[in-house]
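The values are calculated or read from the model by the stated rules, or taken from the named source; none is laboratory data. Remember, it's a predicted structure, so these values are computed and weren't measured experimentally. Cβ placement follows ideal geometry from the backbone for every residue including glycine, while neighbour counts extend to all protein chains displayed.
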């Protein structure tokens, strides 16, 4: 019955306060062409809110890799330096070494960071560069159509592993967070996910912590954020959160892998 | 008249000193002969002036780190030898599209990188200006010019050096060269415009933000970059040195360190009465086409000497447009190490090669 | 058993931004969002509607990839007909 539904097209005129606006302050335009149910905008929101919450807005510089998320590179009220595929960590290194008082983050996908740019992120972490790298991990190269990356799980169906990733033919996934956590220069390494509100809240805490570690000059910080890609996973938008839990999370388990402040 | 202080410096160190004097405060590189000593000197000198020198994990990251530092408005440089420059080509081409100033050194092995330098920077239609010194004092001057051009045009600029420049010691003026003002920096990133509603963007994909006219339009951006490239190439005066060309029958063209030997051979032949002239492009891009064409007017032959299998000779032919026949009198000349020591750089040998053209 | 539901908050939904992904439906802890069945927005997507019981927890705003939600908390919780 139509009467059941409450009006949701105007704000309450009195007796209520706004607790969350449509877009985070540091996002210019909310509309984008990413797929329905994509986890990347969810992750971007969490990152942008965290930058603001720690009071680093007017010192923040974002270095972007290349992937679906690149759509945000010219859509932020944050200074952005656009890098090439895989190369954001070296650019971030140069920015932070030249301007040590800035807050420098990278936004990269799994294909960008673990395929093309594995050397870059490992060396940047090993050197303990005071930057924070964010990896949006959906286990596929989303922008080019949904192909296997180094993080794709065994058995995961992608455009070029239509029968599921097979170790014999396609090898094994790389757990880049675990590799980074082994490096002495890494001060904070964590994995989050955005497939439900609870996970978004936990991931937001990890993001804030990573940024605080950078601000404290403790070393390299890293948060891997598992995101949904219903298009790349050949699933419905409503099935993608569970698919993340059943397929990606067992390989890349959410949690804090390293925290030098703990 | 004020005295100029001159100091004896090995080329790698003279180039490093010139970079620091020009304001370079960030350098990144990966060891490779004959570039390695420049990296060593920058590592030694930059911390003392508040700069940073990074040992990158490969040439890809060397150009990447320099890209990041340069994006903050910090005068920055990187370099390698030809093979390392090959690795950097994607980044150099995209740096041109992002319009970020950067000085890049190719301490080359011989002269086989002419095409790489001038048909670069990599993929696409960008052009990267190229300066080719013939000796250490000129290299020091052209380093200063390179930083000035990079800042003026917001572009990567290539300095084409080599093994001889790296390892020859020469007397170099110690004072910094003053080249005049550069445009105000209204583009670099330091975080301060974040949150202002107009946060800056530096991207090879374009300059328009989503909330201005809908965002990236690569067709428009590439078109804008092409127009900016044209402006830059018109604004950089092509440079060429020439001698004895007014009445020359034969004009010899050469660039870089071999050109100094060629010039000496031409001078000796001229002293013996031969009607031979000399032209030396200093900017390989923009190539001094008009100057080359003017220098060879009235000559019956043009001879191009270079240590490769014939690369600059193409640009000489294009400049002359068929009016005078052009022949290639160079060849590969390397010692066993392949690092760029050319046995041919001997005045007797070069005289014979030029004499062959004079004898027609 | 009460005929009313304590409602601590409410949302404004920009239905034109919605791409019909349904993530908000499962994300909402009190399950007060329901997708339309027949109605669609101008791009052809079904969109969420609100029934009483919202707690103003912001889960919908956090989980929505298309920034469709504004969340409000009432100064005093309302008692709305169930």
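Would you confirm whether any residue within segment B:327-350 is closer than 29 Å to residue B:236 by Cα, modelled with pLDDT of 95 or more and either in contact with a helix residue (DSSP H, G or I) (Cβ under 6 Å, 6 or more places away or on another chain) or surrounded by fewer than 22 Cβ atoms within 10 Å (Cβ to Cβ) (or both)? Within segment B:327-350 (the criterion being closer than 29 Å to residue B:236 by Cα, modelled with pLDDT of 95 or more and either in contact with a helix residue (DSSP H, G or I) (Cβ under 6 Å, 6 or more places away or on another chain) or surrounded by fewer than 22 Cβ atoms within 10 Å (Cβ to Cβ) (or both)), the answer is yes, since at least one residue qualifies.
Of the residues that make up segment A:227-241, is at least one more than 14 Å from chain C (Cβ to nearest Cβ), on the phi > 0 side of the Ramachandran plot and free of Cβ contacts under 8 Å to residues at least 12 places away in the same chain?
Of the residues in segment A:227-241, the ones more than 14 Å from chain C (Cβ to nearest Cβ) are A:232, A:234.
Now narrow it down to the ones that are on the phi > 0 side of the Ramachandran plot: A:234.
If we keep only those that are free of Cβ contacts under 8 Å to residues at least 12 places away in the same chain as well, we get none.
Checked against the condition, which is being more than 14 Å from chain C (Cβ to nearest Cβ), on the phi > 0 side of the Ramachandran plot and free of Cβ contacts under 8 Å to residues at least 12 places away in the same chain, segment A:227-241 yields no hits at all.
Taking the criterion of being in contact with a strand residue (DSSP E or B) (Cβ under 6 Å, 6 or more places away or on another chain), more than 7 Å from chain A (Cβ to nearest Cβ) and assigned to a loop (DSSP other than H, G, I, E, B), the residues of segment C:40-67 that qualify are C:46, C:53, C:54, C:55.
When segment B:76-116 is filtered for residues that are in a helix (DSSP H, G or I), buried (at least 24 other Cβ atoms within 10 Å of the Cβ) and away from every other protein chain (no Cβ under 14 Å), the ones remaining, listed by number, are B:85, B:114.
On the basis of being assigned to a loop (DSSP other than H, G, I, E, B) and free of Cβ contacts under 8 Å to residues at least 12 places away in the same chain, does residue A:30 make the cut? Against the criterion (assigned to a loop (DSSP other than H, G, I, E, B) and free of Cβ contacts under 8 Å to residues at least 12 places away in the same chain), residue A:30 qualifies. Exactly one residue among B:179, B:165, B:189, B:145 is over 30 Å from residue B:351 (Cβ atoms), outside any loop (DSSP other than H, G, I, E, B) and touching a residue at least 24 places away in the same chain (Cβ under 8 Å), and that residue is B:145. For segment B:1-30, the set of residues classified as farther than 13 Å from residue B:105 by Cα and without any contact (Cβ under 8 Å) to a residue 60 or more places away in the chain consists of B:1, B:2, B:3, B:13, B:20, B:25, B:26, listed by residue number.
Quick check, is residue A:212 more than 18 Å from residue A:173 (Cβ to Cβ), over 14 Å from the mean Cα position of the chain (by Cα) and within 14 Å of another protein chain (Cβ to nearest Cβ)? Spell out how you get there, then give the answer.
Values: more than 18 Å from residue A:173 (Cβ to Cβ): yes; over 14 Å from the mean Cα position of the chain (by Cα): yes; within 14 Å of another protein chain (Cβ to nearest Cβ): no.
The answer is no for residue A:212.
Kindly check whether there is at least one residue in segment A:35-46 that is surrounded by fewer than 22 Cβ atoms within 10 Å (Cβ to Cβ), more than 7 Å from chain B (Cβ to nearest Cβ), in contact with a helix residue (DSSP H, G or I) (Cβ under 8 Å, 6 or more places away or on another chain) and in a loop (DSSP other than H, G, I, E, B). Yes, segment A:35-46 contains a residue that is surrounded by fewer than 22 Cβ atoms within 10 Å (Cβ to Cβ), more than 7 Å from chain B (Cβ to nearest Cβ), in contact with a helix residue (DSSP H, G or I) (Cβ under 8 Å, 6 or more places away or on another chain) and in a loop (DSSP other than H, G, I, E, B). Just to be sure before I move on: is residue B:214 away from every other protein chain (no Cβ under 14 Å), out of contact with any strand residue (DSSP E or B) (no Cβ under 8 Å at 6 or more places or on another chain), modelled with pLDDT under 95 and on the phi > 0 side of the Ramachandran plot in the structure I sent? No. Report whether or not residue A:14 is in a loop (DSSP other than H, G, I, E, B) and either more than 11 Å from chain B (Cβ to nearest Cβ) or modelled with pLDDT under 95 (or both). Yes: the conditions hold for residue A:14. So is residue B:263 in contact with a strand residue (DSSP E or B) (Cβ under 7 Å, 6 or more places away or on another chain) and surrounded by fewer than 23 Cβ atoms within 10 Å (Cβ to Cβ) or not? Yes. Within segment C:33-78, the set of residues being out of contact with any helix residue (DSSP H, G or I) (no Cβ under 8 Å at 6 or more places or on another chain), surrounded by fewer than 17 Cβ atoms within 10 Å (Cβ to Cβ) and without any contact (Cβ under 8 Å) to a residue 60 or more places away in the chain comprises C:36, C:37, C:38, C:39, C:40, C:44, C:75, C:76.
Quick check: is even one residue across segment A:68-79 within 21 Å of residue A:259 (Cβ to Cβ), within 13 Å of chain B (Cβ to nearest Cβ) and part of a helix (DSSP H, G or I)? Reasoning before the result, please.
Residues of segment A:68-79 that are within 21 Å of residue A:259 (Cβ to Cβ), as a first pass: none.
No, segment A:68-79 contains no residue that is within 21 Å of residue A:259 (Cβ to Cβ), within 13 Å of chain B (Cβ to nearest Cβ) and part of a helix (DSSP H, G or I).
Look at residue A:51 and say whether it is within 10 Å of chain B (Cβ to nearest Cβ), in contact (Cβ under 8 Å) with a residue 24 or more places away in the chain, in contact with a helix residue (DSSP H, G or I) (Cβ under 8 Å, 6 or more places away or on another chain) and under 16 Å from residue A:210 (Cα atoms). Break it down into steps so the answer makes sense when it comes.
Details: within 10 Å of chain B (Cβ to nearest Cβ): yes; in contact (Cβ under 8 Å) with a residue 24 or more places away in the chain: yes; in contact with a helix residue (DSSP H, G or I) (Cβ under 8 Å, 6 or more places away or on another chain): yes; under 16 Å from residue A:210 (Cα atoms): yes.
Against the criterion (within 10 Å of chain B (Cβ to nearest Cβ), in contact (Cβ under 8 Å) with a residue 24 or more places away in the chain, in contact with a helix residue (DSSP H, G or I) (Cβ under 8 Å, 6 or more places away or on another chain) and under 16 Å from residue A:210 (Cα atoms)), residue A:51 qualifies.
Within segment C:1-23, being more than 11 Å from residue C:64 (Cβ to Cβ), buried (at least 21 other Cβ atoms within 10 Å of the Cβ) and more than 14 Å from the chain's Cα centre (by Cα) holds for no residue.
So which of B:274, B:299 is buried (at least 21 other Cβ atoms within 10 Å of the Cβ) and either touching a helix residue (DSSP H, G or I) at 6+ places or on another chain (Cβ under 6 Å) or not in a helix (DSSP H, G or I) (or both)? Even if it seems obvious, please write down each step before you answer.
Numbers: B:274 fails: buried (at least 21 other Cβ atoms within 10 Å of the Cβ).
Just one listed residue meets the conditions, B:299.
Among the numbered conditions (1) buried (at least 19 other Cβ atoms within 10 Å of the Cβ); (2) at negative phi, the only one that residue A:139 does not meet is (2). Which one is farthest from residue C:72 (Cα to Cα), of the residues in segment A:17-29 that are crowded, with 17+ Cβ neighbours inside 10 Å and at the interface with chain C (Cβ under 7 Å from one of its Cβ atoms)? Checked segment A:17-29; the qualifying residue farthest from residue C:72 (Cα to Cα) is A:23.
Restricted to segment A:84-100, and to residues that are part of a loop (DSSP other than H, G, I, E, B), closer than 22 Å to residue A:219 by Cα and at the interface with chain B (Cβ under 8 Å from one of its Cβ atoms), which residue is farthest from the chain's Cα centre (by Cα)? Lay out the reasoning, then the answer.
Here is the first cut: in segment A:84-100, the ones part of a loop (DSSP other than H, G, I, E, B) are A:84-87, A:99-100.
Filter again for closer than 22 Å to residue A:219 by Cα, leaving A:86-87, A:99-100.
When the remaining residues are screened for being at the interface with chain B (Cβ under 8 Å from one of its Cβ atoms), the result is A:87, A:99.
Numbers: A:87: 16, A:99: 24 Å.
In this case the residue turns out to be A:99.
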